[in-house]
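J.: There's a structure below that I have some questions on.
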Amino acid sequence: MTTDHRTDAAIISASLRRPEVFAALFDRHFDRIHGYLSRRFGTEAAADAASETFLVAFRRRGDFDPARANALPWLFGIALRVARSQRRAERRMLRDPGVHDIPPEPHAAADARLGAAEREALRLALARLRRPERDALTLFALADLTYEEIATAMDTTPGTVASRISRARARLSGDLPGLRPSSTPTPKEAVDGR
């Protein structure tokens, strides 16, 4: 198997003439999109949402801004919109976590340190956040996107993303007293997008 070294923008542009080329974008980013969706919405809902994300992206590939080399933030934005249509699945998972099989991501060491009671408390606290705050925070924490990438995904500014994440963390720290303040980025990190 050879690695496609073209930028996402080049792949999308080529797919306008040759639709089969879009498969390279799917191969490159499906695991990240699916991983984020499965940790946020549960395994069953994630499969449908991830597939729908790429179907929508394929249909709207002509709308992609070719000035952006990386399509991942655009794909996460589509995934958020698709997932909003599946909001009931998220609410059920957040309120009753035992119903869903949520596999931990390999890099999610924090998940492994949380016990069942802490995971349940976190899910309930997340359920109480406003949707924009929850979306920004989960894109940051689960998808490992920068503030700039989250802003692209959510069609907003990095400053708005920083405010939403800050408000989410403040609300979570009230609901979860064990949340460590050291997880809040320094002003320089916030400016740098992390």
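J.: Which condition breaks for residue 161 when tested against (1) in a helix (DSSP H, G or I); (2) within 22 Å of residue 117 (Cβ to Cβ); (3) not acidic (Asp, Glu)?
T.: Among (1) in a helix (DSSP H, G or I); (2) within 22 Å of residue 117 (Cβ to Cβ); (3) not acidic (Asp, Glu), the lone unmet condition for residue 161 is (2).
J.: Going by the structure shown, is residue 171 charged (D, E, K, R), assigned to a helix (DSSP H, G or I) and in contact (Cβ under 8 Å) with a residue 40 or more places away in the chain?
T.: Values: charged (D, E, K, R): yes; assigned to a helix (DSSP H, G or I): yes; in contact (Cβ under 8 Å) with a residue 40 or more places away in the chain: yes.
So residue 171 passes the test.
Table: residues versus (1) closer than 14 Å to residue 138 by Cβ; (2) modelled with pLDDT under 95.
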residue	(1), (2)
3	no, yes
11	no, no
36	yes, yes
43	no, yes
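The values are calculated or read from the model by the stated rules, or taken from the named source; none is laboratory data. Quick caveat: nothing in here was measured; it's all calculated off a predicted structure. Glycine also receives a Cβ, built like all others from the backbone with ideal geometry; neighbour counts cover every protein chain displayed.
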